[in-house]
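Accompanying notes for the structure given below.
Each reported figure results from applying straightforward, stated rules to the coordinates on display, with no laboratory input. Nothing here was measured: the structure is a model prediction, and the numbers come from that model. Every residue, glycine among them, receives a Cβ derived from its backbone with ideal geometry; neighbour counts consider all protein chains shown.
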Amino acid sequence: MLQRTSSVDRINIDTIAFSSVFEIGDSCFIKGFSRAIADQREAEYFNAKEGNFSVYPVFSEPIPLIPIEEDITMQTTQLNPIIRVQNIDIIGVSSSSVVHIGNSGNISMEARVKHIRQVYPKTALLKDENFS
Amino acid sequence: MNYQVYNRDLCVGSIRVLGVSSSSVLMVGDTQTIQLAATFDTPPESLLIGPFVPLTPE
């Protein structure tokens, strides 16, 4: 099968962080995985040695994927084999994400996030500002 | 199922994105298969009100 060529005139990415990839060119197989515990606290209290993925089921529960049973025959005709983009502007790419210019084969991505918020009791906040 | 595709002119002027995050993909090109999965957990129990107890150690 004839492939299309991607043509990007200008791309500007400000930040790429946490195992993210900016790929120019073709690839065969991409598998991305990211997990995070996002803890938001009303008080600035952070101990560098806390947080354990294994205690939260969200990091271990299986994600069911329904198998494709339909038999599909796909025929693609490239009448103009170019994907043209003039300008791409991205501020941030983060947490195992991919910005890809070019073709790929199989892409599989997974993200798991546990969000926790820790706040003061409202009554305590009224009584004593320094409640901890 | 028969699926027939004719790729004609594809021309985009400008793409502006604030963020691509949590195992996302921004792609200019073709791909055979793509499979994305995400879990995001914020149950009521994860709103902890009261004295700050550190999370389970590493």
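For region A:57-89, the set of residues classified as in contact with a Ser or Thr (Cβ under 9 Å, 6 or more places away or on another chain) and outside any loop (DSSP other than H, G, I, E, B) consists of A:Val58, A:Phe59, A:Ile82, A:Ile83, A:Arg84, A:Val85, A:Gln86, A:Asn87, A:Ile88, A:Asp89, listed by residue number.
Just one residue in the set B:Phe52, B:Phe40 is surrounded by 11 or more Cβ atoms within 10 Å (Cβ to Cβ), within 25 Å of the chain's Cα centre (by Cα) and not β-branched (Val, Ile, Thr); that residue is B:Phe40. Being at the interface with chain B (Cβ under 7 Å from one of its Cβ atoms), in contact with a Phe, Trp or Tyr (Cβ under 6 Å, 6 or more places away or on another chain) and either of a type in the set (Ser, Thr, Tyr) or under 30 Å from B:Leu48 (Cα atoms) (or both) is true of A:Glu110.
Residue count for region A:39-89 satisfying the condition of being under 30 Å from B:Phe52 (Cβ atoms), over 20 Å from the mean Cα position of the chain (by Cα), touching a residue at least 24 places away in the same chain (Cβ under 8 Å) and more than 7 Å from chain B (Cβ to nearest Cβ): 1.
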